[in-house]
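Data first, discussion second: the structure below is written as structure tokens.
The values are calculated or read from the model by the stated rules, or taken from the named source; none is laboratory data. Since the structure is predicted, the reported quantities are computational estimates derived from the model, not experimental observations. Note that we place each Cβ from the backbone using ideal geometry, even for glycine, and neighbour counts take in every protein chain shown. Quick note on the areas: whole protein, heavy atoms, side chains included, nothing else; ligands and nucleic acids left out. Shrake-Rupley method; radii C 1.70, N 1.55, O 1.52, S 1.80 Å.
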Amino acid sequence: MECAQFTKTGQAACGDDVRFLTVEKENRYIAALSDGLGSGVKAHVLSNMTTTMALRFLQSNLPTLESVEIIMDSLPVCEVRKISYATFTLFDFALGGFAKILEMGNPGYIHLRGTDEIKPVSERKVLSAHWPDRGVRECEADLRAGDRIIFCSDGVTQAGLGERRDMKLGWRRSGVLKFAQEKIAADPGISARDLSQQIAATSVAITHGVCRDDVSCVVVYLRHPRVMRILTGPPFRKENDAEYARQANLGEDHVVICGGTTANILERELGTPVKITLADMRAAGALPPVGRVAGVGLATEGILTLGRVLSALEERRPPEREPAAARAILERMMGHDRIEFVVGTKVNECHQDPNIPQDLELRRSVIRRIASVLEKDYRKIVKLNFY
């Protein structure tokens, strides 16, 4: 589940809010998108309140009508337009069952199997006695491996409205559908992150880079998890080097070797040298350059690079702003679902020098902090293996 957002031009806060929740014990995945009426801080507060309540109600399996009524009762009504101050789309899916999608006021969701649009298994309109003029669309979708669910705020579907002759009614849901189908046809394995970013960015490009409204696009992609493995630090016992090196067996796109000593162990055990080109050295930036081990993966410097990765994750800095080594690791982390750290526990004597910078932390401490932020803020599954 991934989301891309743009804030309305001139506003300090996004009037849309998106939240995700994974209930591991139930193999359950929940997403909520709310569009606050208008824009700015007031819209942000109300959309945030809506998504927070919605996630709690969905997780508690509260009946749909009761949940919706509580949300509607909590939201103020615009005195001029007589409509609710926030709309929403809610997604709730447990592996092995149907996905439930609830919509009030937002553009209709899109369900794609490959490039084919799939209609809901069932659909009904939920009406509240308290709010008879505001219906909620409740759908069930048969979600299978390879399927995608796309939903967005009206900042996406209304892009170009009244500005372009070829889009008198805006980009519309049909335009988003066609765009997504074209992107999936060109790249059947396109990630939820990339697809959501491309849809959101295209809606902004339609209005020549000016956001007339807050833009949010959520993509849910059901597939087998992608696994990444990071090897760093030498094993405590030298006799474990061969077993340690065998952990780098996932393929070049899924393995990163962090640290010179670690790279030396793999070179010796696997018989494959680390190669660094002149282009790699020129593009290195503030960190040592990225090397490549043929048939294995990327090789980077150790603790400095991991420290830079940690700070980028904690501060949510985009990967493209980072030096080449940190950027390579961050991009691979964002493209994978399960991240496994294979950590050697032998103490590096260089790190015990009292003259080194105080922020050069022990490797295991940095790894644990990276694991924590990946699980909490990026919804990644993280596993730590120590040698």
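Looking at the stretch 11-122 alone, DSSP beta bridges between its own residues are antiparallel in about 95 percent of cases.
Can you tell me what share of the DSSP beta bridges in the chain is antiparallel? A percent to the nearest 5 is fine.
Antiparallel: roughly 75 percent of the beta bridges in the chain.
Among beta bridges identified by DSSP and lying wholly in the stretch 203-319, the antiparallel ones come to about 40 percent. Site pair Arg237 and Lys178 shows an inter-label distance of 6.6 nm when each label is modelled 7 Å from Cα along Cα→Cβ. How much FRET efficiency would the formula 1/(1 + (r/R0)^6) give for Ser122 and Arg223, where r is the Cβ-Cβ distance and R0 is 25 Å, rounded to 0.05? The computed FRET efficiency comes out at 0.55.
A convex hull fitted around the alpha carbon atoms of the stretch 1-98 yields 104 Å³ per residue. Per-residue ellipticity at 222 nm from helix content only, as computed over the chain with -39500 (n - 2.57) for each DSSP H run of at least four residues, stands at -10000 deg cm²/dmol. Solvent exposure of the chain, expressed per residue, is 49 Å² of accessible area, with all protein chains present and a 1.4 angstrom probe.
Identify the residues of the stretch 95-111 with backbone N under 13 Å of a label point that sits 7 angstrom from the Cα of Asp142 along the Cα-to-Cβ direction, or state none. Only 97-99 pass the distance filter. Annotation: lysines with alpha-carbon distance below 29 angstrom to Lys119 (same-chain offsets under eight excluded): Lys100, Lys168, Lys178, Lys183.
A full extension of the chain between Ala283 and Leu362 corresponds to an added length of 25.7 nm, given 0.36 nm per residue minus the alpha carbon distance. Computed from the C-beta positions of Arg268 and Asp337 and an R0 of 35 Å, the FRET efficiency is 0.65 to the nearest 0.05. A DSSP coil position with no more than 15 other Cβ atoms inside 10 Å describes the following trypsin sites (Lys or Arg not before Pro) in the stretch 193-259: Arg223, Arg237, Arg246. Legend: calculated FRET efficiency, Ala129 to Leu169, from the Cβ-Cβ distance at R0 = 35 Å, rounded to 0.05, equals 0.55. The share of alpha-carbon pairs in the chain lying farther apart than 34 Å comes to 38%.
Protein heavy-atom surface of the stretch 56-211, 1.4 angstrom probe: 51% of the accessible area is carbon and sulfur, with nucleic acids and ligands not counted.
Please state the charge dipole magnitude for the chain, taken about the Cα centre, from unit charges on C-beta atoms (+1 on K and R, -1 on D and E), reported in debye and rounded to the nearest 20.
240 debye
Given axes a ≥ b ≥ c from the Cα gyration tensor, I'd like to know whether the stretch 75-219 is rounded (a/c under 1.5), prolate (a/b larger than b/c) or oblate.
Oblate shape, in that a/c is at least 1.5 and b/c is the bigger or equal ratio.
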